[in-house]
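Participant: Sending over a structure as structure tokens; questions will come in a sec.
The values are calculated or read from the model by the stated rules, or taken from the named source; none is laboratory data. All values derive from a computational prediction rather than experimental measurement. Positions of Cβ are generated from backbone atoms using ideal geometry, with glycine treated the same way; all protein chains shown enter the neighbour counts.
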Amino acid sequence: MDIDQSTAIVTGAASGLGEATAIMLAQMGAKVALWDLNFPLAQAVSERINQTVGGSPSLAIQCDITRSESVEEALAQTQKALGNPRILMNIAGVGSAKRVISKEGVAAPLEDFARVIQINLIGTYNVTRLFAAECAKLAALDDQERGVIVMTASAAAFEGQIGQQAYSASKGGLVSMTLPMARDLAQHGIRVCSIAPGLFATPLLKELPPAVQESLAAAIPFPKRLGEPKEFASLACHIVSNRHLNGEVIRLDGALRMASK
């Protein structure tokens, strides 16, 4: 699919991988809707895009991906302001680190596990199903294509570390969902792929002490550094442009295989 002049949705667009992806899409000519729960931060990114990137506009929209009514409203705002979206970048998500049993012998709170699953897995599915229903109504383009969906999994889906039960389960769910969803939506001309990033220099990781960041980077075979958000964005945009990529989960981790802790 040609990104230029297409309308794209990026969830979690206020920072990190989502911000980088929204910026790159705009640089490639897309009209970008930046969905995030943190509206002021998303608006700041949108304003920066509109001021520095020539051509197509961007729009910040507050959205809670776990609530269907919020997603439906965000879709309606996107369609009204930017046109019918054909590209969906599912990047919104949260992390968690809870051992099943604490050092004091207390079981982990169920609420924490449920929250991560609700946002990362169910929230992604919620946005995807509502986007796909609208996208399927659009006229077909080359190769009968109507849309592209990219989901964000994680290396933790394959090698979750101690305490990552909820996070690994949520991202593993996205991995498992990729192929059946691609098969399901093939009849509508909608492709589905997932990216499984390793250790990236997101705002959360950048808050760690430099020594900790260096230690994490040392575990990556090559290149021995944290991934850059623009590298994630580049792969996400390539998936959109390459029409034969479908139903695939692509690791983006410098050959990293996570240790147990």
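Participant: Starting from the range 180-198, take each residue that is at positive phi and list its partners that are of a type in the set (Lys, Arg), counting only C-beta distances under 9 angstrom and pairs at least six apart or across chains.
Facilitator: So the pair list comes out as Gly189/Arg146.
Participant: Only one of (1) of a type outside the set (Phe, Trp, Tyr); (2) under 30 Å from Leu110 (Cα atoms); (3) modelled with pLDDT under 95 fails for Pro180. Which number is that?
Facilitator: Looking at each condition in turn, Pro180 falls short on (3).
Participant: Now for a different question. Among Ser58, Ser6, which is the only one that is of a type in the set (S, T, N, Q), within 19 Å of Ala132 (Cα to Cα) and crowded, with 24+ Cβ neighbours inside 10 Å?
Facilitator: The conditions single out Ser6.
Participant: Only one of these is of a type outside the set (Phe, Trp, Tyr) and farther than 21 Å from Ser96 by Cα: Val192, Val212. Name it.
Facilitator: Within the list Val192, Val212, the selection yields Val192.
Participant: A follow-up question, please. Against the definition (touching a helix residue (DSSP H, G or I) at 6+ places or on another chain (Cβ under 8 Å), among the polar types (S, T, N, Q), under 22 Å from Phe232 (Cβ atoms) and surrounded by fewer than 23 Cβ atoms within 10 Å (Cβ to Cβ)), how does Ser68 come out, yes or no?
Facilitator: no
Participant: Restricting attention to the range 41-70, which residues are in contact (Cβ under 8 Å) with a residue 12 or more places away in the chain and polar (S, T, N, Q)?
Facilitator: Passing the criteria: Gln43, Ser46, Ser56, Ser58, Gln62, Thr66, Ser68.
Participant: Within the range 191-261, considering only helices (runs of 4 or more DSSP H) that don't extend past its boundaries, which have at least 3 residues that are surrounded by 20 or more Cβ atoms within 10 Å (Cβ to Cβ) and modelled with pLDDT of 95 or more?
Facilitator: Qualifying helices (runs of 4 or more DSSP H): 229-241.
Participant: Would you confirm, using the coordinates I've provided, whether Ala233 is out of contact with any His (no Cβ under 7 Å at 6 or more places or on another chain), hydrophobic (A, V, I, L, M, F, W, C) and over 30 Å from Asp4 (Cβ atoms)?
Facilitator: It is false that Ala233 is out of contact with any His (no Cβ under 7 Å at 6 or more places or on another chain), hydrophobic (A, V, I, L, M, F, W, C) and over 30 Å from Asp4 (Cβ atoms).
Participant: Here's a follow-up. If we keep just the residues of the range 80-95 that are more than 27 Å from Val175 (Cβ to Cβ) and in contact (Cβ under 8 Å) with a residue 60 or more places away in the chain, which is surrounded by the fewest Cβ atoms within 10 Å (Cβ to Cβ)?
Facilitator: Gly83
Participant: Is it the case that some residue within the range 107-116 is under 19 Å from the mean Cα position of the chain (by Cα) and either among the small types (Gly, Ala, Ser) or not in a strand (DSSP E or B) (or both)?
Facilitator: Yes, the range 107-116 has at least one match.
Participant: For the range 131-148, how many residues meet the condition of being at negative phi and either surrounded by fewer than 17 Cβ atoms within 10 Å (Cβ to Cβ) or in a loop (DSSP other than H, G, I, E, B) (or both)?
Facilitator: Selection size over the range 131-148: 10.
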